[in-house]
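Just so you know, all these numbers are worked out from the coordinates, no wet-lab data involved. Computed from a predicted model, the values in this text were never measured in an experiment. For neighbour counting, all protein chains shown are included, and Cβ atoms are generated from backbone atoms with ideal geometry for every residue, glycine included.
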């Protein structure tokens with residue numbers, strides 16, 4: 001018949017590369033989520049100092065979308081491009097932030113505090129997702145040869 005030897009399909013990732021990428025993505029995502037939930041800011045900042053106020057106001061707005069982007073990267077079979085993953089990681093917290101602003105417009109919902117709308121939070125979400133994309137596309141893609149295959 002045909003004596004030409006066919007090589008393995010280069011578009012498929014090796015199992016070890018996929019496992020290593022999943023481990024890195026999960027480690028970053030879950031590590032940041034754990035850090036944001038359990039870090040006591042009084043260890044670094046005096047209460048009510050400018051650093052304390054910035055940490056309380058914006059640290060989670062930077063950490064959580066960053067972690068969400070890397071968590072979404074685990075599903076790269078469904079969201080194949082980084083712009084799609086970035087849009088998804090930016091849209092979820094932004095919609096929640098807009099929901100905070102609209103929550104008090106409903107007359108029956110004024111008995112419970114759910115947060116307040118802050119436009120600066122949306123800027124922090126965009127910054128965070130942008131940093132995550134840069135790290136994934138520039139740092140990890142160059143540091144690990146299995147990353148972008």
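Students often check this: by mean Cβ neighbours within 10 Å, which of 93-99, 60-66 ranks highest, and how do the rest follow?
Most protected by this proxy first, the peptides run 60-66, 93-99.
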Just grab the label-to-label distance for residue 134 and residue 76, each label 7 Å out from Cα along the Cβ direction, in nm (one decimal). 2.1
How far apart, in nanometres, would the label points at residue 33 and residue 100 be if each is projected 7 angstrom from Cα along the Cα-to-Cβ direction? 2.0
Peptides ranked, highest mean first, by Cβ atoms within 10 Å: ranges 32-44, 122-134: 122-134, 32-44
For the range 37-149, compute the orientation-averaged projected area of the C-alpha convex hull (one quarter of its surface), in nm². 9.6
Determine, at each q value in 0.24 (inverse angstroms), the log₁₀ of I(q)/I(0) that the Debye formula gives when each Cα of the range 15-65 is one equal point scatterer. -0.87
What full-extension length gain, to one decimal in nm, is calculated for residue 92 and residue 43 as 0.36 nm per residue of separation minus the Cα-Cα distance? 14.6 nm
